[in-house]
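J.: Have a look at this one.
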Amino acid sequence: MNNSGRILFDEKFMQRCFKLALKGAGNVSPNPLVGCVIVKNGKIISEGWHKKYGGFHAERDAITKAFKKGISLKGSTLYVNLEPCSHYGKTPPCSDLIIENKISEVVIGCRDPYKEVSGKGIRKLKKAGIKVKTGILETDAAELNKFFIKYVTTGLPYITLKAAQTIDGKIADDTYRSKWISSPESRKTVHKLRAVYDAVLTGTNTVIYDDPKLNVRGVKGRDPYRIVIDKNLKFKEKYKVFKYTDGKTIVLFSEKTDNKKIADYPGDGITFIPCKVKNGRLDLRDAMKKLAQMNIASIMVEGGSFTYNEFLKNEMADEVMIFVAPKIMGKGIKAFNEKLLFGRFTDAEYSASGTDLLVNLRKNISREDAKTQKKG
């Protein structure tokens with residue numbers, strides 16, 4: 001097989017790794033999404049993926065399946081979208097298992113930036129005489145794990161601002177009414193996203209005027225954490241977000257606010273997180289660090305205007321998703337301060353979402369990280 005043929009061969013199986021990895025979306029965080037394919041004589045003999053946090057990693061899942069079927073892995077090639085781990089965590093090192101099973105070659109999408117791994121798995125495999133190839137569809141591999149990469153390299157969650165607005169940039173009329181601006185297809189997409197992100201965050205005004213449930217409806221998937229910013233613990237009414245009893249509702253408030261207010265707060269099983277205050281506002285960086293310490297690696301911010309712009313002012317947003325509906329509202333509440341929004345993101349993609357236009361703005365952190373890994 002010539003070089004170009006081998007590249008296509010490798011990319012084909014790496015694409016299969018991506019597809020398998022996505023099966024774990026919403027279930028493995030804060031761990032990465034990983035899929036694994038084991039090939040011998042040009043054919044797949046076993047495959048696996050990381051199914052849930054604390055469970056088998058993808059490599060162990062694929063190797064265990066082969067072992068149960070009595071398949072010898074000697075002389076095979078293992079494909080995996082992220083560098084095999086080399087340390088003891090909730091499971092033993094995957095690199096050790098690969099070596100033990102006499103796998104001849106390992107083809108990797110991108111390095112793992114987590115400090116406990118970061119090149120160590122590759123070095124261990126090479127030291128054992130295994131041929132290692134890295135950087136196969138590297139940008140796509142990094143994109144797949146953009147949440148994980150941001151989380152382990154910064155100690156902060158990946159933040160996406162999601163808004164539905166009219167052509168003239170309004171998310172609500174001047175009485176704050178905003179129901180069903182976007183199309184049914186866009187709303188379904190949002191629920192799919194909620195099932196993937198670890199948490200959904202909203203501000204005080206959105207709770208008051210929209211009374212959102214912030215759960216997953218109409219699609220399969222687990223409910224995310226529901227995060228409400230309530231700096232002064234002002235809520236007295238039991239809005240929908242405070243009626244859950246699953247322990248997944250979080251309230252961020254000022255550490256200067258009297259803690260005695262917690263006793264009178266509407267709802268049970270709520271986690272209250274005191275945060276620092278900066279320039280009279282809740283310190284978002286401090287809040288996000290504390291959420292990351294709870295293993296929340298990704299957050300979708302769903303309003304309102306004040307909250308969106310606070311994230312932009314503090315340069316805390318990694319991505320912006322705007323569902324633009326073919327409607328004009330005239331007077332109303334604008335989603336974003338354009339001066340804060342434009343110029344801060346290096347990439348823009350456009351796609352149809354029912355009758356809406358989905359505008360996706362990115363900072364490309366995952367791609368920059370991929371470049372950094374390649375240099376290292």
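The values are calculated or read from the model by the stated rules, or taken from the named source; none is laboratory data. Owing to the predicted nature of the structure, the values given are computational and were not obtained by experimental measurement. Ideal geometry is used to build each Cβ from the backbone, glycine not excepted, and the neighbour counts take in all protein chains shown. In case anyone asks, the SASA skips ligands and DNA or RNA and just uses the protein heavy atoms, side chains included. Shrake-Rupley method; radii C 1.70, N 1.55, O 1.52, S 1.80 Å.
J.: Report the label-to-label distance for Arg281 and Phe342 in nanometres (one decimal), using points 7 Å from each Cα along the Cα→Cβ vector.
T.: Computed distance between label sites Arg281 and Phe342 equals 2.1 nm.
J.: Additional query: At each listed q (0.12, 0.15 Å⁻¹), what is the log10 of I(q)/I(0) that the Debye formula gives for the range 153-245 modelled as equal alpha-carbon point scatterers?
T.: For the range 153-245, the Cα-only Debye profile gives -0.43, -0.68.
J.: With every protein chain in place, what's the accessible area of Arg285 (1.4 Å probe, Å², nearest 10)?
T.: About 110 Å², ignoring ligands and nucleic acids.
J.: Over the range 62-181, average the accessible area per residue using a 1.4 Å probe and give it in Å², no decimals.
T.: That works out to 44 Å² for each residue.
J.: Continuing with this model, one more query. What's the angle, to the nearest 10 degrees (0 to 90), between helix 3-21's Cα axis and the longest principal axis of the chain?
T.: 50 degrees
J.: Quick one: grab Rg to one decimal and Dmax as a whole number for the chain, Cα atoms only, in Å.
T.: For the chain, the Cα-based Rg and Dmax read 22.8, 72 Å.
J.: Also, I was wondering about something else. Are there GluC sites (Glu not before Pro) in the range 227-325 that DSSP puts in a loop and that have at most 11 other Cβ atoms within 10 Å, and which ones? Numbers along the way, then the final one.
T.: Working: sites: Glu237, Glu255, Glu302, Glu310, Glu315, Glu319; in loops: Glu237, Glu255, Glu302, Glu315.
In loop regions of the range 227-325 (DSSP not H, G, I, E or B), the sparsely surrounded GluC sites (Glu not before Pro) are Glu237.
J.: Tell me the net charge near Asp258. Cut-off is 15 Å between Cβ atoms, Asp258 excluded, with +1 for each Lys or Arg and -1 for each Asp or Glu.
T.: Residues near Asp258 contribute +3 overall.
J.: A further question on this structure: Explain nothing, just the number: dipole magnitude of the chain about its Cα centre with +1 on each Lys and Arg Cβ and -1 on each Asp and Glu Cβ, in debye rounded to the nearest 20.
T.: The dipole magnitude comes to about 820 debye.
J.: Ok, one more. List, in the order given, every pair from Lys115/Lys334; Lys51/Lys127; Lys19/Lys334 whose Cα-Cα distance in the structure shown is over 31 Å.
T.: Lys115/Lys334; Lys19/Lys334
J.: Now a separate question. Excluding Gly169 itself, what net charge comes from residues whose Cβ is under 9 Å from its Cβ, given Lys and Arg +1 and Asp and Glu -1?
T.: 0
J.: Go through Asn41, Ser178, Leu284 and say which Cα lies farthest out towards the positive end of the charge dipole of the chain; charges sit on Cβ, +1 for Lys and Arg, -1 for Asp and Glu.
T.: Asn41
J.: Turning to a different aspect of this structure: Sort Trp180, Trp49 by accessible area with a 1.4 Å probe, largest first.
T.: Trp180, Trp49
J.: For Phe56, Phe67, give the ranking by accessible area with the largest first, probe 1.4 Å.
T.: Phe67, Phe56
J.: Given the protein chains as shown and a 1.4 Å probe, how many square angstrom of Thr245 are accessible, to the nearest 10?
T.: Surface open to solvent at Thr245 totals about 130 Å².
J.: Also, I was wondering about something else. Between the helical axis of 184-196 and the dominant principal axis of the chain, each derived from Cα atoms, what acute angle in degrees is found, rounded to the nearest 10?
T.: It works out to around 60 degrees.
J.: Helix 365-375 against the longest principal axis of the chain: what's the angle in degrees, Cα atoms only, rounded to the nearest 10?
T.: In the chain, helix 365-375 runs at an angle near 30 degrees to the longest axis.
J.: Continuing with the same structure: Just reorder Tyr244, Tyr350, Tyr79, Tyr53 by solvent-accessible area, largest first, 1.4 Å probe, all chains present.
T.: Putting Tyr244, Tyr350, Tyr79, Tyr53 in descending order of accessible area: Tyr350, Tyr53, Tyr244, Tyr79.
J.: Still on this structure, I have one more. Tally up the carbon and sulfur contribution to the accessible surface of the range 176-305 as a whole percent, 1.4 Å probe, everything protein left in place.
T.: Carbon with sulfur: 45 percent of the solvent-accessible area.
J.: Starting from the Cα of Lys290, draw a straight line to each of the lysines and keep only those under 18 Å, dropping any in the same chain fewer than 8 residues away.
T.: Output for Lys290: Lys150, Lys231, Lys248, Lys256, Lys276, Lys278.
J.: Once neighbouring chains are kept in place and the probe is 1.4 Å, which whole percent of the accessible area of the range 3-141 is contributed by carbon and sulfur? Each step should come with its number before you reach the end.
T.: Working: 3350 of 6470 Å².
The C+S portion of the solvent-accessible surface of the range 3-141 is 52 percent.
J.: Under a straight-distance cross-link criterion of Cα-Cα below 13 Å, which aspartates and glutamates are reachable from Lys68, leaving out those fewer than 8 residues away in the same chain?
T.: Qualifying aspartates and glutamates at Cα under 13 Å: Glu47.
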